[in-house]
Protein chains: 2
Amino acid sequence: MTVSAESRSGIWSGLGQFLLGQRLPSSHELKERLSNLGGLAVLASDPLSSVAYATEEMLLVLVLAGTGALNWPVPLSLAIIGLLAILTISYRQTIRAYPQGGGAYNVARENLGTKAGLVAASGLLIDYVLTAAVSVTAAVAALTSAFPVLAPVKVSIAITVLFFLMAVNLRGIKTTGRLFTVPTLFFVAIMVGLILAGVGRFVLFGSATGGETSATVNNAVSAVTIFLLLRAFAAGCAALTGVEAIANSVRIFRPPETRNAARTMLWMAIVMAVLFVGVTYLAHQFHIVPRPNETVVSQIARVVFEDTPLYYAVQIATVLILVLAANTAFSGFPRVASVLGQDGYVPRQLSDTGRRLVFSNGIVLLAVLAGVLVFVVGASVHDLIPLYAVGVFLSFTLSQAGMVLHWHRLKGQTWLRSAFVNGLGACVTATALLIIAITKFTHGAWLIILLVPTALYIFNRIHRHYEMVAEQLSLEGFSTPDTPMKHTVVIPVSGVHRATLEAVAYAKALSADVRAVYVAADEAAAEELRAKWRHYVPDIPLEVVQSPYRLVVSPFLRYLDQVRSDERQLVTVVIPEFVPVHLWQMLLHSQSAWMFRVALLFRRRVAFTSVHHHLTR
Amino acid sequence: MTVSAESRSGIWSGLGQFLLGQRLPSSHELKERLSNLGGLAVLASDPLSSVAYATEEMLLVLVLAGTGALNWPVPLSLAIIGLLAILTISYRQTIRAYPQGGGAYNVARENLGTKAGLVAASGLLIDYVLTAAVSVTAAVAALTSAFPVLAPVKVSIAITVLFFLMAVNLRGIKTTGRLFTVPTLFFVAIMVGLILAGVGRFVLFGSATGGETSATVNNAVSAVTIFLLLRAFAAGCAALTGVEAIANSVRIFRPPETRNAARTMLWMAIVMAVLFVGVTYLAHQFHIVPRPNETVVSQIARVVFEDTPLYYAVQIATVLILVLAANTAFSGFPRVASVLGQDGYVPRQLSDTGRRLVFSNGIVLLAVLAGVLVFVVGASVHDLIPLYAVGVFLSFTLSQAGMVLHWHRLKGQTWLRSAFVNGLGACVTATALLIIAITKFTHGAWLIILLVPTALYIFNRIHRHYEMVAEQLSLEGFSTPDTPMKHTVVIPVSGVHRATLEAVAYAKALSADVRAVYVAADEAAAEELRAKWRHYVPDIPLEVVQSPYRLVVSPFLRYLDQVRSDERQLVTVVIPEFVPVHLWQMLLHSQSAWMFRVALLFRRRVAFTSVHHHLTR
């Protein structure tokens, strides 16, 4: 298949268009904004979906203490909802104060200094990766609860979902919002239905239906220690990750952005409270305990709806909302990374907006990191949970503490009240952070605690590099040297043919001082080439360099280093390169031009030019 | 770690030296020659080692017919040895006629034409890959027979061995010969010992010791069909692959090469006959039948030597000789590939001699192909055997037929006798080839039969490409156009800084017509840049190209296509590239130079120059 340069690029852009959608001009930005319902679907699915695993993770800790601890889930879930209420009030203030998007990084940096901002940002980035990994893993657990036949391929499914999300997000945020509105409403509706039906069933028939499962609980009388309760609380706190997403992304709402975002935040908290407490209550009433192959929500749904289509509806809704939750990370991670990139703390490419106005590089990076994590733990939610929530509570605390200073600085009419609200938020989240870090420390939280300073170190190294580059590129006191440089063109040749003569003709256009170099492995070939050269290119000197070891690049470099030994000597190396008609034919030509290129990279005052010889057949 | 260009290349060459050994100058070639014993070790280990599986593969076919067939192994093995005798006499003539190395490709091409030569070569290449795969797989089977604990990781072991062989061969042939002489002698000695001890044991105690194993044989009375016997014969013929290696590699022997090679060939055949018939005889006398987890040789050794260290010695010797056999392929495959490369039928890079005077690319290619094959069949010898021997008997036949014509052409004193010997060889191997192809057809031989014409097609496509390139590069009737070209230098810029100014200074040295191009995503940035440009580079025009979709390369290409629209216009694109101090810092800069490079590859009359700006901190 012969493809010309023009139609080739046509094929690529056509493929790009099919996969990524039409390119969007920068002026389209406002039209890409979301309605409140769209925003809720895209940003609030993370906390809402955690209903699918938060109760289960609390129970997994409590069953360690035997039956004695089984009265605790409901009070613990209420405590977590109390924490949510404080966070919601706190963050609604942040939304109003930072309408341009009050990410923890911005708030902490502006009020507590750069270092605090970077700590918050690293915490957020880590937890976005975990959100993607945990949510997709939990989605697959919900799926395999309903269809156990899929259990052996759960890792493959999880990774496929991650790369599907990557593709969707590379297409842009509006498409995602539209695509994902229905499943969120569907999940909320079916879960409210499940809770109402469950309560009804319990009132009518009592808990007998689920009674037999409690037989599996460890009945040994063991004390319910405070530490155990705190660990269960910490496990449940995974439910709260992601509540900050709305405050981070005020700008994706339609105007008036502030009011719309604050309202969406409140709705999210109310729905979240109903679902989390409801599910925990039902699990308690039906004496449900965690099982390895079936999630707690699936067990509840089986008790309430038995094997009707409604049971499958619950599972499918759970899968879908969890996929949306993972999607929250795909919206948050690239945004935080892009802000850090603009400030030069991570590679600047993370701030490039792609053809569909999204931060493409961040999206791809998140998919890869979460994919690796899912692969390493073999798609097990329980193994990921101890790593979770540390980072996000770190950024909660720093962000709220920053808000206290913000109000103090502004000293507005109601500053004391506002500062008190955020101060309360900071204290509560700091306490929760301590509980999470201590109780989960040996189970994996240490890794995250180690990762934060590591990330800080990397951020600072990168920042220093960019600063030094800017300094070195600065035109402050710089002037182009006026003394003209000597310019020599050197052509490494391997034979005398059309491509060589074309390169020579090109080189003569560049400079009066052109030299050809032949690296000779044996004398006979060298003599033959010399004769041919004298005949076809009598006006350009040919230098023959001996190479007893049959190497090509290093003998050439030795020659080059002699030529460029003078400080005022500029050298251009001109290499003729074949461009075949078909790509596969590239395999038939040694890629020595490439080797020369890399070898010359570290040499000063050497420019590298490739002259293409286009084969036509 | 700051590493200068000089010490960096020092580290690399040091590492290369450690892994690959000292570089060898071309003049060392004669010293790399092998003694007869060395040649036997390197080249004859393939047929010798097939004793480890050939008997077993015959038995696997015969047991299908029940006990009735169990008297046939010894006669079949004698038939195969008869074939070996004819081949040996035949090939000793080839060695004398082609002292420069009488590979089937050379002989068939010279006497039967190019097409026949290529068929022979493709058959050889295929069978070298299979030799490496089968031998390594059989080595692992011998290992896991003695140490069943290693069975679960057999695929990993096999692939590790292949890459170990690759490394050894990249170091050069002499090292390999020396390293491998001892194991060959060890194998021959211990196998002769095993056969003698086995015969002794049988004479003294009869076959009682092994009697119980025959209970597992299918006792149903079923006819021993001719087809079944032919299939068993075909399976046993796997033993003969590799006997041509000595004739292919006459030049690796010390002078007088011809005599030494012919003598080594004879010794190989004698040893081979003793071992193959001996092992088959013992298997028959001790009523041994194939088992899934233990090889036949291992079963014989257990019966004869019981659980003494001698048993383990047999297994270890078998493992070692099989590894040597795989090594035969590493010596043969790159040689055949390099000859084909010189003639332009496979990529020419396969003919490049590496730093240690070996065909490095062929060695690596073989390791990869055999590794993939071993991985696909899960390191099972029995699954590989049906693919085996087709290719090599094809090349035997063509090579012997070619020899007949060779004698006919020369018409020397004894030409009729010589032609008769080779003619007999050709007929016998052609018959064997037919038997192998037909009886193994449905078991996988069809794949190989399909592969040969595919390989031919590819060879011809590659050959045609090289021919067309040579034609297009030919200086026949070519003259450099005398009318001078217009030369314009275009610099894509992203900002005004030192690297930009350096690139501009360089460009001005190339041509009087220099233009800068800025691809603008928004107007404000463009205006800012324009002002800065006017201040610092007043003498060079700046073109601003709008890019509403934030793309960089395609708007630039559109501009470039306007500039180069004239047939007599030559364009050089100069791109400033950062070279940071540390390699990791490359990640922090967008690789747009690379994108430009690829985009410009297919455009005519455009040269691409990168000017490096070296960061110092």
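The values are calculated or read from the model by the stated rules, or taken from the named source; none is laboratory data. Just so it is clear, the structure is predicted and the values come from calculations on it, not from any experiment. Because the Cβ atoms are built from the backbone with ideal geometry, glycine has one as well, and the counts that use them run over all protein chains shown.
A quick yes/no check of all residues on (1) within 21 Å of B:Cys237 (Cα to Cα); (2) free of Cβ contacts under 8 Å to residues at least 24 places away in the same chain:
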| position | (1), (2) |
| --- | --- |
| B:Gln349 | no, yes |
| B:Asp352 | no, yes |
| B:Val364 | no, no |
| B:Ala367 | no, no |
| B:Gly371 | no, no |
| B:Leu387 | yes, no |
| B:Phe393 | yes, no |
| B:Ser399 | yes, no |
Quiz item: What tally of residues in region A:439-478 results from selecting those that are more than 9 Å from chain B (Cβ to nearest Cβ), more than 24 Å from A:Val346 (Cα to Cα) and without any contact (Cβ under 8 Å) to a residue 40 or more places away in the chain?
Solution: 4
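Step by step: first the residues of region B:439-465, then only those that are β-branched (Val, Ile, Thr) and more than 20 Å from the chain's Cα centre (by Cα), then the one that is nearest to B:Cys237 (Cα to Cα). Which residue is that?
Among residues in region B:439-465 that are β-branched (Val, Ile, Thr) and more than 20 Å from the chain's Cα centre (by Cα), the one nearest to B:Cys237 (Cα to Cα) is B:Thr439.
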Quiz item: Based on what the data block shows, is B:Leu365 surrounded by fewer than 24 Cβ atoms within 10 Å (Cβ to Cβ) and out of contact with any Cys (no Cβ under 8 Å at 6 or more places or on another chain)?
Solution: yes
Practice problem: Taking B:Lys411 as meeting all but one of (1) crowded, with 24+ Cβ neighbours inside 10 Å; (2) at positive phi; (3) not β-branched (Val, Ile, Thr), write down the number of the exception. | Solution: (1)
Practice problem: Need at least 2 residues that are within 14 Å of chain B (Cβ to nearest Cβ), buried (at least 16 other Cβ atoms within 10 Å of the Cβ) and modelled with pLDDT under 70 per element, so show me which helices (runs of 4 or more DSSP H) inside region A:1-118 make the cut, counting only ones lying wholly within it. | Solution: A:5-20
Quiz item: All but one of (1) small (Gly, Ala, Ser); (2) more than 14 Å from chain A (Cβ to nearest Cβ); (3) under 21 Å from B:Asn248 (Cβ atoms) hold for B:Gly378; which doesn't?
Solution: (3)
Exercise. For B:Phe441, state whether it is surrounded by fewer than 17 Cβ atoms within 10 Å (Cβ to Cβ), over 24 Å from A:Leu588 (Cα atoms) and assigned by TED's automatic domain parsing to the domain that holds B:Val390.
Key: yes
Self-check item: Selected residue [modelled with pLDDT of 85 or more, more than 10 Å from chain B (Cβ to nearest Cβ) and under 22 Å from B:Glu471 (Cα atoms)] from A:Leu529, A:Leu542
Solution: A:Leu529
Self-check item: Search result, residues across region B:545-560 that are of a type in the set (A, V, I, L, M, F, W, C) and either touching a Gly at 6+ places or on another chain (Cβ under 9 Å) or modelled with pLDDT of 85 or more (or both)
Solution: B:Val545, B:Phe556, B:Leu557, B:Leu560
Quiz item: Looking at region B:394-403, is at least one residue assigned to a loop (DSSP other than H, G, I, E, B) and of a type in the set (A, V, I, L, M)?
Solution: no
Quiz item: For B:Cys427, which of the numbered conditions (1) of a type in the set (A, V, I, L, M, F, W, C); (2) modelled with pLDDT of 85 or more; (3) within 27 Å of the chain's Cα centre (by Cα); (4) surrounded by fewer than 21 Cβ atoms within 10 Å (Cβ to Cβ) fails to hold?
Solution: (3)
Quiz prompt | Checklist (1) over 22 Å from A:Gln349 (Cα atoms); (2) modelled with pLDDT under 90; (3) at the interface with chain A (Cβ under 9 Å from one of its Cβ atoms) applied to B:His612, failing item | solution = (1)
Quiz prompt | All positions within region B:578-608 that are more than 19 Å from A:Val606 (Cα to Cα), more than 7 Å from chain A (Cβ to nearest Cβ) and part of a loop (DSSP other than H, G, I, E, B) | solution = B:His582, B:His589, B:Gln591, B:Arg605
Exercise. Can you tell me which residue among A:Ala313, A:Ala273, A:Ala283 is over 17 Å from A:Val74 (Cα atoms) and in contact (Cβ under 8 Å) with a residue 24 or more places away in the chain?
Key: A:Ala313
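Scan region A:497-515 for residues that are aliphatic (A, V, I, L, M), touching a residue at least 12 places away in the same chain (Cβ under 8 Å) and either within 23 Å of B:Gln472 (Cα to Cα) or facing chain B (nearest Cβ under 7 Å) (or both) and report the count.
The qualifying residues number 6.
Which of the helices (runs of 4 or more DSSP H) contained wholly in region A:275-392 include at least 2 residues that are of a type in the set (Lys, Arg) and under 19 Å from A:Ala120 (Cα atoms)? Spell out the reasoning first.
Values: elements: A:296-305, A:309-342, A:360-377, A:381-384.
Of the helices (runs of 4 or more DSSP H) lying wholly inside region A:275-392, none has at least 2 residues that are of a type in the set (Lys, Arg) and under 19 Å from A:Ala120 (Cα atoms).
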Quiz item: What is the one condition in (1) outside any strand (DSSP E or B); (2) within 11 Å of another protein chain (Cβ to nearest Cβ); (3) buried (at least 19 other Cβ atoms within 10 Å of the Cβ) that B:Val573 does not satisfy?
Solution: (1)
Quiz item: What number of residues in region B:216-231 are modelled with pLDDT of 75 or more, out of contact with any Phe, Trp or Tyr (no Cβ under 7 Å at 6 or more places or on another chain) and outside any loop (DSSP other than H, G, I, E, B)?
Solution: 5
